[in-house]
Amino acid sequence: MTQAPARPQSGSTFESLNPATGEVVGTHPVQTAEEVQAAVARAREEAAWWGGLSFGERKTHLNAWKTSMTQRLPELAELMRLEMGKPVGDAMLEAGLAMEHVSWAAGHAGRVLGRRRVSPGLMMVNQSASVAFKPLGVVGVIGPWNYPVFTPLGSVAYALAAGNAVVFKPSEHTPGVGAWMVQAFQDAVGRPVLQLVTGLGATGAALCRAGVDKVAFTGSTATGKKVMAACAETLTPVVIEAGGKDSVIVDADADVEAAADAALWGACSNAGQTCIGVERVYVHEKVYDEFLSTITAKAAVLRADRDGKIGPITMPSQVGVIRSHVQDALDHGGRAVVGGIDAVGERFVQPTILVDVPEDSLAVQEETFGPTMTIAKVRTMDEAIEKTNATRYGLGNTVFSKVNGMAIAERVRSGMSAVNGVISFAGIPSLPFGGVGDSGFGRIHGPEGLKEFTYAKAIARQRFKPMINLTSFDRTAKADKQLAQVIGLLHGRAKKR
Ligand code: NDP
């Protein structure tokens, strides 16, 4: 099998390539550690201005950015297709969902982060207690290539809405898309509150060490660990959105046609290069045969090609990973009912469905990131949940069941679940997005995603002098006695159940 050509390098620039053809799409600078530091220094100046604006003023600027991007969405979608390989329709869907998030973050930051009163409790009743969430300053965002608009904006828009300046390092595979969004911000807002740095892994590593106040990383678990290690040197906090091994669980009472349709789309859309993509399916034995025949028929007519519904594999090195997972499954007793080892081409991988795959094989345990899935028969939903939870990952999951969808979803160890739909949670801006275990930690999207880029600022303001002054060396023995009585009254009596 011929290997895809190595990424061409020339001095201090690098090229982004069309993964369908290998043609050069654009040339971008490989920025040095000094250049990254200069960008962070500029961002810090901008943070002083941006962080001083009201939530309403930032909302106006962010909505202007969103409108300017939306008005040129076809141009952005075409660039996404060129650099990443996804069909234009999918690119439009991705970018459209991202605009929802920009809008939500801009519109809700004030309510979520603004100062609000909290109860001071009985012992501190003389105080007025309140909390607000303040911007950290400058946030570094290291983005992936698979969703080059939706995923980075899940950090960028929320960090900006919270009042931070952002330095964004897009993946080396999609720098043009990153540059386009940053330029759109400059055009709409007129100030470099959002800045771009481009380059390879070393540029991302330099961003971790450039004195930013937080790093938001999306990518592989292995690189996430490197990012954490670099950030640990300066106690820089991180949010890590890493990979997944998401399952679809199909119960005996499920709408089998809908479940098969969703599982196939979840596994093969974006050529399977989705962190919350479907990689495994566990089907109740009562509907297994019906499910398998339905999904097989649907998959058999699906093609990955230049004009098809499935694009190329973006990273040439990923083709080898996909091939190794399929081969490992076949070597250990698995069968391909659709596709197989010959479906793994040089740039395109055809849909592949594997059955009878041992649970400890690569295709069940490791992130494949291709248009493949394993399907296994289970006797009970307990077994499906146990197998779903038996990987190091815990990002997303899908459940198809008419009666027990919520109960099953509650028992899956993952940051998100979709019931009777697939990856629906990602399109709901008010829901937090993120995982557990090797899928990372911290959250983007929703109120949690806004708070992720802030620190809590608590203030207790005395409203009137207390009956007993607790925080004084003048406290008397009599006051100590009174205090003991109050504590006894508040906490010393057993509560009736
Ligand atoms: P990486 O995790 O290597 O890269 C993700 C981002 O981190 C890119 O912007 C990359 O820059 C940057 N980076 C690389 N090395 C460093 C470093 N030492 N310090 C800081 N930043 C760094 O993922 P890949 O793109 O190589 O993909 C590998 C695998 O990761 C995929 O096959 C898939 O399994 C998984 N993945 C998961 C994603 C998800 O959404 N959860 C997204 C992307 C990948 P550059 O691109 O310039 O190297």
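The values are calculated or read from the model by the stated rules, or taken from the named source; none is laboratory data. Treat the numbers as computed from the prediction; the structure is a model and nothing was measured. Positions of Cβ are backbone-derived with ideal geometry, glycine not excepted, and every protein chain shown enters the neighbour counts.
Right, Glu75: more than 23 Å from the chain's Cα centre (by Cα), among the acidic types (Asp, Glu), surrounded by fewer than 16 Cβ atoms within 10 Å (Cβ to Cβ) and at pLDDT 95 or above or not? Here the answer is yes, as Glu75 does meet what is asked. Considering Ala33, Ala43, Ala38, Ala64, the condition of being under 27 Å from Asn164 (Cβ atoms), at pLDDT 95 or above and touching a strand residue (DSSP E or B) at 6+ places or on another chain (Cβ under 9 Å) is satisfied by Ala43 alone.
Considering Gly277, Gly339, Gly308, the condition of being small (Gly, Ala, Ser), in contact with a strand residue (DSSP E or B) (Cβ under 7 Å, 6 or more places away or on another chain) and away from the ligand (no atom under 16 Å from the Cβ) is satisfied by Gly339 alone.
Only one entry of Gly396, Gly449, Gly370, Gly415 meets the criterion of being modelled with pLDDT of 95 or more, within 20 Å of the chain's Cα centre (by Cα) and not in a loop (DSSP other than H, G, I, E, B), and that entry is Gly449. Yes or no: region 368-391 includes at least one residue that is within 16 Å of the ligand (Cβ to nearest atom) and surrounded by fewer than 16 Cβ atoms within 10 Å (Cβ to Cβ). No, region 368-391 contains no residue that is within 16 Å of the ligand (Cβ to nearest atom) and surrounded by fewer than 16 Cβ atoms within 10 Å (Cβ to Cβ).
Conditions (1) out of contact with any Leu (no Cβ under 6 Å at 6 or more places or on another chain); (2) modelled with pLDDT under 90; (3) part of a strand (DSSP E or B), marked per residue:
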residue: Ala456; (1), (2), (3): yes, no, yes
residue: Ala460; (1), (2), (3): yes, no, yes
residue: Phe464; (1), (2), (3): yes, no, no
residue: Asn469; (1), (2), (3): yes, yes, no
residue: Arg475; (1), (2), (3): yes, no, no
residue: Ala479; (1), (2), (3): yes, no, no
residue: Gln482; (1), (2), (3): yes, no, no
residue: Leu489; (1), (2), (3): yes, no, no
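Checked against the criterion of being more than 24 Å from the chain's Cα centre (by Cα) and outside any helix (DSSP H, G or I), the candidates Gln31, Gln37 yield just one match: Gln31. Taken over region 232-255, the residue count meeting the criterion of being crowded, with 22+ Cβ neighbours inside 10 Å and either touching an Asp or Glu at 6+ places or on another chain (Cβ under 8 Å) or in a loop (DSSP other than H, G, I, E, B) (or both) is 9. Only strands (runs of 3 or more DSSP E) whose full extent lies in region 91-143 are considered here, and the ones with at least 3 residues that are in contact (Cβ under 8 Å) with a residue 60 or more places away in the chain and crowded, with 24+ Cβ neighbours inside 10 Å are 138-142. Taking (1) surrounded by fewer than 21 Cβ atoms within 10 Å (Cβ to Cβ); (2) within 13 Å of the ligand (Cβ to nearest atom); (3) part of a loop (DSSP other than H, G, I, E, B) in turn, Lys226 satisfies each apart from (3). Taking Gly190 as the residue in question, decide whether it is surrounded by fewer than 24 Cβ atoms within 10 Å (Cβ to Cβ) and free of Cβ contacts under 8 Å to residues at least 60 places away in the same chain. Yes.
Across region 203-223, the qualifying residues are those that are hydroxyl-bearing (Ser, Thr, Tyr) and within 6 Å of the ligand (Cβ to nearest atom), and the one among them that is farthest from Glu448 (Cα to Cα) is Thr223.
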